[in-house]
Amino acid sequence: MTTAAQRTTTVAAPLSGLGGGFLGAVYIVWWRDLIRYWRDRARVGASLAQPLLYLVIFGTGLASSLGGGFGASAPGGAGVSYTQFIYPGVISMSVLFTAIFGAMSIVWDREFGFMRELLVAPIDRAAIAVGKTLGGATQAMIQGLILLVLAPFVGVTLAPLVIAQVVVLTFVLAFGLSAMGVALASFMRSMQGFQVVMNFLMMPMFFLSGALFPLVGLPGWMTVLTRLNPASYGIDPIRRVLLGSSGFPVERFAISIFDQTLAIPVEAAIVLAFGAVMLLVAVRAFQRRD
């Protein structure tokens, strides 16, 4: 049976091979999360089931109820079907759930596994928060981008430039949500508590993000909630890039504040700023001594 000192040496050894230091520790934590994600094929498959359920069943059912042209009265008659409208939202939903639930491993590892060795290893604890955030963001981005293979089936045209933009915007959204998950997980000491808090936060964030319905023409109180939701500023640019490239009138669904439509870079900057604040909270929490 290995001792705590031996396990700590085992964790610290790869860091010295990389030159040690902050970046080496970040890389180890990030790479370990990616390896665990890649090896867990069942998790990857199961994570795709819920987005497909929303797109195929929920999307098709509501599209039939709406009678086809969701936005058919737009200028030029270029309507957007409901399935096409929620397609970017489904991608973002996959990113949201993967990013936030990816932070669950922090709570698990703190109780039973690798996190215990990391917390006593001779490394900067801030590297753990950064590595976990980047690892969760990378996993969530990959999970969301897998759904791009469905684009031809919903009538969305993909071009190399569009794909490149979606990759960047998806990572921005994944980073913001992953940082939030890591920040919350850093304060949790039990899996049950983390799951309760996550379910309490995730569903309102998802339903108020514009993934399933346009954020225009809403009651005043709901409009305020949608504008306070950081996920709204991550999903809207993905929709505008994906559907705008196919000629759909997506600007009529874009987020506006004080009747001013926000530019895509501004929305991305809001999500990045939110992620940076959450990451700072996570770093401060990890640096506290238990």
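The values are calculated or read from the model by the stated rules, or taken from the named source; none is laboratory data. The shown structure was predicted, so the numbers you read here are calculated from the model rather than taken from an experiment. Here the Cβ is made from the backbone with ideal geometry for all residues, glycine too, and neighbour counts use every protein chain on show.
Which one of these is within 21 Å of residue 59 (Cβ to Cβ), among the polar types (S, T, N, Q) and assigned to a helix (DSSP H, G or I): 157, 170?
170
In the set 99, 63, 129, 103, which member is hydrophobic (A, V, I, L, M, F, W, C) and at pLDDT below 75?
From the options 99, 63, 129, 103, the qualifying one is 63.
Any residue at all in the stretch 135-143 that's within 25 Å of residue 233 (Cβ to Cβ) and more than 15 Å from the chain's Cα centre (by Cα)?
For the stretch 135-143, residues within 25 Å of residue 233 (Cβ to Cβ) and more than 15 Å from the chain's Cα centre (by Cα): absent.
Can you tell me how many residues in the stretch 273-285 are surrounded by fewer than 18 Cβ atoms within 10 Å (Cβ to Cβ) and within 15 Å of the chain's Cα centre (by Cα)?
Number satisfying all stated conditions: 2.
Go through the residues of the stretch 143-159 one by one and say whether even a single one is closer than 18 Å to residue 104 by Cα and at pLDDT 85 or above.
yes
When the residues of the stretch 32-60 are filtered to those that are among the β-branched types (Val, Ile, Thr) and under 30 Å from residue 133 (Cα atoms), which remaining residue is modelled with the lowest pLDDT?
44
Give the residue, chosen from 230, 249, that is closer than 21 Å to residue 98 by Cα and either of a type outside the set (Ser, Thr, Tyr) or touching a His at 6+ places or on another chain (Cβ under 9 Å) (or both).
230
Yes or no: the stretch 230-238 includes at least one residue that is among the hydroxyl-bearing types (Ser, Thr, Tyr) and more than 19 Å from residue 175 (Cβ to Cβ).
Scanning the stretch 230-238, I find no residue that is among the hydroxyl-bearing types (Ser, Thr, Tyr) and more than 19 Å from residue 175 (Cβ to Cβ), so the answer is no.
Being assigned to a helix (DSSP H, G or I), at pLDDT below 80 and among the small types (Gly, Ala, Ser) is the filter here; which residues of the stretch 173-203 pass it?
Within the stretch 173-203, 193 is the sole residue that qualifies.
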